[in-house]
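Structure record follows, encoded as structure tokens.
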Amino acid sequence: MTPPVAPILLYDGHCGFCQGWVNWLLPRLKTDHLRLLPLQDPQAAPLLTQHRFPTDFLDSLVLIQSNQAYTQGQALRKISHYLRYSWLWASMLYICPLFLLNPFYRFVANQRRALSCENKRP
């Protein structure tokens, strides 16, 4: 019997906004059972292929958990379970229907380069 595989969160490692979000997330995780991996890492390509994503996929973060892939609002909902107790309110994302959460996610994702500090000049 193979041991359970830790969930993996794939994110755009070249995006300053995404990297900032991951840096925000790390100290708030209640366990170290969530692996974080940039989409550009060579280990990400086989995972993307296995879950029928193109290997150059950068449209969303991808959470792979129990051999299922979740993106956009569904991924955010699942990630909320890995946050410390003080962030339990984040599970309120389950109240927001996906038909509202996904467009909001896509809006932020489309603006992530503009929201990133890497594009700001002094």
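List of remarks:
- Asp56-Val5 FRET efficiency (beta carbon distance; Förster radius 35 Å; 0.05 resolution): 0.90
- Ordering Arg77, Arg52, Arg112 by the number of other Cβ atoms within 10 Å of each residue's own Cβ, fewest first, gives Arg52, Arg112, Arg77.
- Overall dimensions of the range 62-119 by Cα: Rg and Dmax, Å: 12.8, 37
- MRE, 222 nm, helices only [DSSP H, n ≥ 4, -39500 (n - 2.57), over the chain, to nearest 500]: -11000 deg cm²/dmol
- P(r) of the chain over all Cα-Cα pairs, binned every 5 Å from zero, in whole percent: 2, 10, 19, 23, 23, 15, 6, 2, 1, 0, 0, 0
- Spin-label model distance (nm) - Ser86 vs Arg113, 7 Å beyond Cα toward Cβ: 3.6 nm
- log10 of Debye I(q)/I(0), alpha-carbon scatterers only, for the range 1-73 at 0.11, 0.14 Å⁻¹: -0.26, -0.42
Throughout, read-outs are computed from the coordinates displayed, never taken from laboratory work. Quick caveat: nothing in here was measured; it's all calculated off a predicted structure. Neighbour counts are summed over all protein chains in view; Cβ atoms, including those assigned to glycine, are modelled from backbone coordinates with ideal geometry.
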